[in-house]
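Visitor: Below is one structure. I have some questions about it.
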Amino acid sequence: MLQLISLLVENKPGALLRVTGVLSARGYNIESLTVASTLDPELSRMSIVVDVDPSQRAQVIKQMNKLINVLQVSDLTEGPAVRRELALIRVRATPQNRAAILKEAEIFGARAVDSSVEGFAIEATGDSEKLDEFIEVMKSYGESEVTRSGLVAVSLEAKKLKLAPPVKKDLDLETKTDGVLK
Amino acid sequence: MSANLMNGARILLECLTREKVDVIFGYPGGVTLPLYDALYDHPLKHVLVRHEQNACFAAEGYARSTGKVGVCLATSGPGATNLVTALVDAMMDSIPVVAITGQVTTKLIGSDAFQEADTFGITRSCTKHNFLVKKLAELPQTIHEAFHIASTGRPGPVLVDIPKDVFQATTHYTPVSHIHLPGYKVYTEGHAGQIRRAAQLIWESSRPIVYAGGGIIAAGASEDLRELVERVDAPAVCTLMGLGGMPSGHPNFISMPGMHGSYASNMAMTETDLIIALGVRFDDRVTGRLAAFAPHAKVIHVDIDPAEIGKNRTADVPIVGDCQKVLEKLNQELRDSADQKERNEAARAGWRARVRDWMHEHPLEPEFSSDEIKPQHLMSEIDRISGGEAIVCADVGQHQMWAAQFIRFNHPRLWLNSGGLGAMGFGFPAAIGAQMANPDKLVFAIVGDGGFQMSIPELATVANQNLPVKIIVMNNGYLGMIRQWQELFYNNRLSAAELISFPDPEKLAGAYGFKGRTVEKPQHLRAALEAAVAEPGPYLLNVRVSPFENVYPMVPAGGAINEMVLAPPQPVEA
Ligand SMILES: Cc1ncc(C[n+]2csc(CCOP(=O)(O)OP(=O)(O)O)c2C)c(N)n1
Ligand SMILES: [Mg+2]
């Protein structure tokens, strides 16, 4: 099954590598992954779609939680969340079908973001099934090329961010520093 | 110039001192030269090993025998890559180690510079966490974070990669008092409601068994484990990683479960109706075929790592927490509900009798012969000398299994072996680390003739440090465990299993300036071992044992654990 997880991650070097590394080492296939910084520039939000056996869902979340740079993990596969994907489609158009393509885009709530004699670049957002459909329709008009963002999601529930408090290290602060170096 | 203006190398040593590190195991190289220069007149003890892999194994030996963080040090590129096997080993067995590696100068990172390797990338998956320190200002914080991560929660190895220019840069050093890792959450206490449910399940059970592992040792929960076992009066098994978690001589202890576990353990683990799993991970070497494992049992699973709970076997009562803290509360709960003990006590008495019968039916008993030394005979002689008190570091193979079966341990942190990874070459360097940490203890390195030859360079280290490690080579002339599998599962087609040209131990040890000898006759074994132990320095004892002995009981790979092969097929008359 496809599982959608949303991670809040410290913006530290290697954080992305750690997330993808654990997923691949444990044999979970990454279907899509997006990362961008949040309102707090020190943090990033990752939305990841993994293909897992349903019995492994909890395990995926637990493994993500073990990562030290990961602050919060949510499973947004179902439940109250908005899930959206962006597709950019370049479709070749002829003088005869240009109007029809634009009409079709309008029906899907998509819009042309570039236009040339060759055709259009169209931007569409929606859930993945809707985009699949729209892309199918565009392909029927002519040669198309598609770039999809993968799912991004935002939970509709405020989930309290639980963070570990600072720890006082029981260090012997009296230890003499006898070193004077150049 | 202010008194605390120091370079990065010096600051690192300062941080290590504050972490109460008393010894580091390492090997120098180009980019760590500034650090070695700082070590030159620093009181911190550095042990020069002869291969970086052994620096990390020695750090593990130190950590496993003390519970403190072991520290190793290697240079960039080849030094760092040489650590990898031992880091994975520490990861698999949850051993707290901090590995420090040098890296090429920050400006050169990414340029394929001389001795550059992507240590951060390479060690990502073999550490609990790793760091690349790009600025000197981050160094103290990072070092203390590394120690904190390595030693808390589920312990493990942490690597800190430090570029040469960071060692060389200078700054005003201010000690760190707090660290903050907001995403690092450790739950130690255990859920009170679940602990109460666990106590309830225990009193309801008729055939309980305690299944204790490395988590008991890591948590220092031996006393609490013992109390639990006695309070419930349940049979108890310790995994390969948990041996010593419960005194081997305890009347409820029925040895190790799994592939080479005792008959009683495997039968009891199959027939039980309640597994009390403590700091274990239901490893495949313990469970055998998972679908056939403990088919009638409910499971209480205590572990500090939530990801272990439910990973291989669903838990009826999952408890995330530190084994010591949880057991302390569980014992309290059992004390408070002691009136319920009687409810099922008759059934449990019957169960204990059944387990005792299994023990008598097929006990783990050493073999003896008058004309050759049987491996089991060797282990029982070492056991006699140790009396449950010596530190025993095993390598990997048949000798490891016989040592686990026949050597007893009165305390935790005496039995050191590479459990999860099964890395040959572990035993001898681990013994070096253990002996450094425990100078007054008797330390045995029990190694095979194969694994020993992976560690021979470290003979120089024991000679150099005059460490009285007793190296006992169980020499069967074969990669014995390989030979056993080829005999049993590949029609005895022995392929690359024979070890020809073992060095003369007397000459070999002699070349390093200490004593060694071979013993072949059973009647000389005891005296030879006693002489080795009486020697004030290191000793290399090569024990020739019967070459074709197999480890039994044995659960064939993929089999159910109650389907053990108990003994070799009897020869049939021609
Ligand atoms: C580094 C490494 N390589 C290979 C193996 C596979 N292996 C497991 S046991 C074994 C044989 C060990 O032989 P020896 O050291 O003589 O011990 P014995 O089994 O004879 O007691 C081998 C090759 C391993 N565990 N580790
Ligand atoms: Mg051998």
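Computed from the coordinates by the stated procedures, all read-outs in this text should not be read as laboratory data. Since we're looking at a predicted model, the values are computed, not measured. Ideal geometry is used to build each Cβ from the backbone, glycine not excepted, and the neighbour counts take in all protein chains shown.
Visitor: Net charge near residue A:83: determine it from the other residues with C-beta under 15 Å of the C-beta of residue A:83, scoring Lys and Arg +1 and Asp and Glu -1.
Guide: Values: positive: A:45, A:84, A:130, A:148; negative: A:31, A:75, A:78, A:85, A:127, A:129, A:132, A:157.
Surrounding charge for residue A:83 is -4.
Visitor: Please give the net charge around residue B:433, taking every other residue with its beta carbon less than 13 angstrom from that of residue B:433, where Lys and Arg add +1 and Asp and Glu add -1.
Guide: Result for the local shell: +1.
Visitor: Hey, another quick one. Per residue of B:126-132, count partner chain C-beta atoms within 10 Å of its C-beta, then hand back the mean as an integer.
Guide: 2
Visitor: Oh, and also: Please compute the net charge surrounding residue A:17, taking Lys and Arg as +1 and Asp and Glu as -1 over other residues with Cβ under 12 Å from its Cβ.
Guide: Numbers: positive: A:12, A:18, B:124; negative: B:118.
Overall, the nearby charge balance is +2.
Visitor: How large is the Kirkwood hydrodynamic radius of chain B, in angstrom, based on all distinct alpha carbon pairs?
Guide: Values: mean 1/r = 0.0403 Å⁻¹.
Value: 24.8 Å, from the Cα pair sum.
Visitor: Taking neighbour counts of Cβ atoms within 10 Å as a proxy for exposure, in what order, fewest first, do B:512, B:27 appear?
Guide: The most exposed by this proxy come first: B:512, B:27.
Visitor: Continuing with this model, one more query. Kindly state, to the nearest 0.05, the FRET efficiency for residue A:42 paired with residue B:314, given R0 = 35 Å and r defined as their beta-carbon distance.
Guide: On the way: r = 38 Å, r/R0 = 1.09.
Efficiency for this residue pair is about 0.35.
Visitor: Oh, and also: If you take the beta carbon distance between residue B:495 and residue B:410 as r and set R0 to 51 Å, what does 1/(1 + (r/R0)^6) give as a FRET efficiency, to the nearest 0.05? Don't skip to the end; give the middle numbers.
Guide: Values: r = 41 Å, r/R0 = 0.81.
Efficiency, rounded to the nearest 0.05: 0.80.
Visitor: I'd like the distance separating the alpha-carbon centroids of the range B:248-290 and the range B:405-436, in whole Å.
Guide: 20 Å
Visitor: Per residue and in cubic angstrom, what volume does the convex hull of the Cα atoms of the range A:83-152 have?
Guide: 67 Å³
Visitor: Further, regarding this structure: Using Cβ counts within 10 Å as a stand-in for footprinting exposure, how do B:415, B:351 rank, fewest first? Please list the in-between numbers first.
Guide: Values: B:415 28, B:351 23.
Placing the least packed residue first, the sequence is B:351, B:415.
Visitor: If you don't mind, another one. Return, ordered by residue number, the residues of the range B:519-559 whose backbone nitrogen is under 17 Å from a label point located 7 Å along Cα→Cβ of residue B:365.
Guide: Correct set: B:552-553.
Visitor: If you build the Cα gyration tensor of the protein assembly as shown and take the root of 5 times each eigenvalue, what three semi-axes come out, in whole angstrom, biggest first? Don't jump to the answer; show the numbers that get you there.
Guide: Details: eigenvalues 482, 252, 143 Å².
Over the Cα atoms of the protein assembly as shown, the ellipsoid semi-axes are 49, 36, 27 Å.
Visitor: Over its Cα atoms, what ratio of radius of gyration to 2.2 N^0.38 Å does the range B:275-335 give?
Guide: Here the answer is 1.14, to two decimals.
Visitor: Please give the contour-minus-distance gain from residue B:515 to residue B:345: 0.36 nm per residue of separation, less the Cα-Cα distance, rounded to one decimal in nm. Write out the running numbers ahead of the final one.
Guide: On the way: separation 170, 0.36 × 170 = 61.20 nm, distance 5.69 nm.
Extra length available between residue B:515 and residue B:345 comes to 55.5 nm.
Visitor: Which order results if B:514, B:368 are arranged by neighbouring Cβ count within 10 Å, fewest first?
Guide: B:368, B:514
Visitor: Could you compute the longest span of chain B free of GluC sites (Glu not before Pro) located in DSSP loops and having at most 16 other Cβ atoms within 10 Å, not counting the site residues?
Guide: Looking at chain B, B:1-366 is the longest stretch - no exposed GluC sites (Glu not before Pro) with at most 16 other Cβ atoms within 10 Å.
Visitor: Hey, another quick one. When the Kirkwood radius is taken over all Cα pairs of the range B:275-401, what Stokes-Einstein diffusion coefficient follows at 25 °C and 0.890 mPa s, in µm²/s?
Guide: 132 µm²/s
Visitor: Same structure again: With an 8 Å Cα cut-off and a minimum separation of 6 or more residues, compute the relative contact order for chain B in percent.
Guide: 14 percent
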